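A short write-up of the structure that comes next.
The values are calculated or read from the model by the stated rules, or taken from the named source; none is laboratory data. Being a predicted model, the structure only gives us computed values, none of them experimental. Methodologically, a virtual Cβ is constructed for each residue, glycine included, from the backbone with ideal geometry; neighbour enumeration extends over all protein chains shown.
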Amino acid sequence: MKARMLLGVLLGASMMAGADSAPAPVTAKTEDLEITARLITDQDAQMKAVGSDLKRQYVIVELMVKPRGGYPVTLSRDDFLLRSERDNERGTADSPERVAGGAVLVLGETGGGSVIRSESGDPVFIGGIPGTGGGMPRRIGQNNGVGSSAAPSTTTVAASTAKETPLLATLREKELPLGEKAKPVTGFLYFPVNPKQKTKNFHLHYRGPGGSCELRFK
């Protein structure tokens, strides 16, 4: 009981730090996880959180994920989807390397057999930049953005090692710890969704090894 109370105090302190006008955290549970999330869309709040407003192209979601089944659960960026109810804009979390914009894109050739990913582990996109109104980006190596492999001898784009910058270091440090976790973890995920929309428009969907749930921000 004492450990749970301490955890609640720490979470509250973390989620309210530097966020005087930020929306209150919301919580949902699956059979194996308890997820608490706070939306960070305000420009000043993003500056306080990571030292950058991310060019106003990203929503930051602060998360606490607590395993509740008595055994570890594996966490991945792709487990979380942020969706806007207003226009159905949606996105899974990007890696710090992609958010910081330090990757160098190089044309290449690939055969079929697997989804094409950058060295940072992200799917590779071409086309418009999310949130800028320049059209929807297309994911190379997939049809309609879902799970199919690249066709043989298709020209693709790969990313070289991201350039180290202070922003990249901060984003890495504050990202939600990923992988197999048996204890509660806290951190940020970065979603390429327009942050200028109203908080009430956003829904966070979790679907992963720990089950599935939806968190609606208020």
Inside the stretch 180-215, can you point out the residues that are touching a helix residue (DSSP H, G or I) at 6+ places or on another chain (Cβ under 8 Å) and assigned to a strand (DSSP E or B)? Thr186, Gly187, Phe188, Leu189, Tyr190, Tyr206, Arg207, Gly208
Give me the helices (runs of 4 or more DSSP H) completely within the stretch 1-118, filtered to those with at least 1 residues that are modelled with pLDDT of 95 or more, ordered by residue number. 43-50, 96-100
The number of residues in the stretch 26-41 that are buried (at least 19 other Cβ atoms within 10 Å of the Cβ), farther than 14 Å from Gly208 by Cα and not small (Gly, Ala, Ser) is 5
